[in-house]
1. Output wanted: per-residue J couplings in Hz (rounded whole) for segment 298-311, from phi through Karplus 6.51 cos²θ - 1.76 cosθ + 1.60, θ = phi - 60°, x for Gly and Pro.
2. Quick one: plug the Kirkwood hydrodynamic radius of segment 336-428 (C-alpha pairs) into Stokes-Einstein at 37 °C, 0.692 mPa s, and report D in µm²/s.
3. Can you tell me the equivalent ellipsoid semi-axes for segment 320-366? Use √(5λ) from the Cα gyration tensor, largest first, whole Å.
4. So if I place +1 on the C-beta of Lys and Arg and -1 on the C-beta of Asp and Glu, and nothing else carries charge, what would the dipole magnitude of segment 378-418 be about its Cα centre? I want it in debye, nearest 20.
5. Sorted by packing (mean other beta-carbon atoms within 10 Å per residue), highest first, where do 78-85, 544-551 land?
6. How much net charge surrounds residue 194 when only the other residues with a Cβ under 15 Å from the Cβ of residue 194 are counted, with Lys and Arg +1 and Asp and Glu -1?
7. Can you give the Kirkwood hydrodynamic radius for segment 452-564, in Å, rounded to one decimal and based on Cα pairs?
8. What order, most packed first, do the peptides 23-32, 447-456 have when packing is the mean number of other Cβ atoms within 10 Å of each residue?
Amino acid sequence: LEYDKVFNMSKKEVHPCTRSCEKDQPSMICKYTFKLEWYYTMSKACYDCPLRLEDCERADCVVADGYRRPIVVVNRQMPGPSLEVCKGDRMIIDMENHMMEESTAIHWHGHHQRGTPYMDGVPYVTQCPIPPKSTFRYHYVADTAGTHFWHSHTGCQRADGAFGALIVRVPPSDDVHNKLYDRDLSEHIIQILDWDHKLGVNKFLAHHHANGDNKPMTLLVNGRGHFHQFEDVDGIPRNISYSPSAKFSVQKGLRYRFRLINAGFLNCPIEVSIDNHTLLVISSDGSDLKPVKAESLVSYAGERFDFVLNANQNVRNYWIRFRGLMDCDERFTSAHQVAVLHYDRAPEFEEPSGEVNYEAARRKGLQVNSLNVGSGSNESLVIPELNSTAADDESLREKPDMTFYLSYDFYKIDNPHYHRFPLLRTQSFVNVNMNNTKMQLLTPQLNHISLKLPPFPLLSQHSDLGTKYHFCNETTVRNCSSQYCECTHVIEVPLGAVLELILIDKGTAYDANHPFHLHGHAFRVVAMERLGSTTTVEEVQNLDKAGLIHRKLHKAPVKDTVTVPDGGFTIVRVHASNPGYWLFHCHIEFHVELGMAVVFKVGDHNNFPPPPRNFPKCNSYMPADEDLDQNDGDNEIGSPVTRWWPLVSSGSSRMITLPLIPLLTLLAAVR
């Protein structure tokens, strides 16, 4: 079935593909139009919001936390349109780039794109960036069930609002947890984001080129935040109100499936809890788990969790609390947020009881996915301590085919993009450090390498690699522990191999956190431990040789995004069964922008499906000197003239031929 109307997905529209999924029902062709553009929070579309709450619900009104700032959004919504389909539906999304100057691309986070790797949405890995004023059509079959999301994979656009839910449901008979809940509703999708009052690129530039920080100010829940106070025009204190919070309605006696999506972009894990209620965690990253009842759970950037809430409390309103950790904790900004769990028949606009502050969001009791702990921790369950409901697969066999160690830290090196030594000695890392420690920049790297992609997509234009562009890894580079190394970091894996990745956070520079996301595949999380405040590759290797690292090779949970304890390690297993080039990266935006990523090449080029017909191409235009048209200056307005222009960066000069424009012609043009 095809729905032939192309939906722009305004706030009030419900797409026909958003439906109950039934066994043996025909699949649908689901078409959407995405229009990406610059926009503004609290715009004129909001009228008198929040003094008149109904104005906050107007089309094109993006409230955020009540502060006005530029944003980058799809269809003037934040979050953007939710795509909710049934497994097997065909997705067709026309991505129209209406930005004034920025390119874009959309990644379908959690969807593996089997057979359609060109739709993965990663510039210079699977496609060319989508230029302004142009359209790219994404098309693929929704064959990866679960809670996922889409987001821009370009610059800081996700941080500024370019993201939304992607939910792929299955019939109840295919859902192992369908007896645990009564309702699975669109309005119970929770999308969380760390937030600031400046553009992401402004924050990035201030942090990397000056003394700006990288700490989020607050959090948003479904694009809203209880943060800013507003006074009515008469200034009477009794008319003060806050920017409105997100609200989730339930009916007493029913059980509801909630879907939590963390679209965060900075180092801000978020702890989630609900006053007077427990969370029955049943799924993560689209893969089902043996249910676990917890008081709270922690979500890292890129992760998704499904939980069941039993609406069995007294009829009133309750706070859903969100507490930022790491760079959002009490050492820095104490970023926190609330939403409202509203029971039917409770007062519609009455605030829940209880204070709203950072400490009030702290929870005791069992917590799932705790920050920077290993297995066996008191009142904490880390990912390998959860159990998958899926049958064991090839990746859980005793010995993998390949093992790679990926270690990382923040390194004190002269990154030439931010410390231009020796061109400007005062900008070197050492001199900046001596003069102002706030302006030093440590570089996060995997195996001491920053990823630099070529000016064309590896997947669709691998024939352009030639002799100019070469892959690298830790065996092909030298002296990278003492100097900056940047190259096309690729790990080649035979198709069908079982790959073990041992991720090691050395923890030397900071008490930090890095969630890692793999494109194109899910993985089994078989081990996770924290060894101390710091660790080394050698320490982990010695523990492994001594048989002191336990791998969970039965019922290990299936995920595509996972954290690594600071000063510890996480071990994942991947069955490399999906041919293509697939990015693996830290999902903290500032870190991936600095190259904290690696590309896995799965299979050989002859294993890859061919690019779609008329697939866009891109590359640098760099003709050789002998190929330049020497007659460019011979035209009717003048003859060539030679000029010398100094090249400051090289200290040399170069002769350039320019046309000499007659004076009268120039004056006429000016006039």
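The values are calculated or read from the model by the stated rules, or taken from the named source; none is laboratory data. Source: prediction; values computed, not measured. Cβ atoms come from the backbone with ideal geometry, glycine included; neighbour counts cover every protein chain shown. These accessible areas exclude ligands, DNA and RNA; they are computed on the full protein's heavy atoms, side chains included. Shrake-Rupley method; radii C 1.70, N 1.55, O 1.52, S 1.80 Å.
1. Each residue of segment 298-311 in turn: 10, 10, 9, 3, x, 7, 9, 9, 10, 9, 9, 10, 8, 7 Hz.
2. On the way: Rh = 20.3 Å.
Translational diffusion coefficient: 162 µm²/s.
3. 25, 11, 8
4. Taking the Cα centre of segment 378-418 as origin, the dipole is about 200 debye.
5. Ranking the peptides 78-85, 544-551 by packing returns 78-85, 544-551.
6. Charge balance in the 15 Å sphere: -2.
7. Result for segment 452-564 stands at 17.2 Å.
8. Numbers: 23-32: 15.1, 447-456: 19.6.
My ranking of the peptides, most packed first, is 447-456, 23-32.
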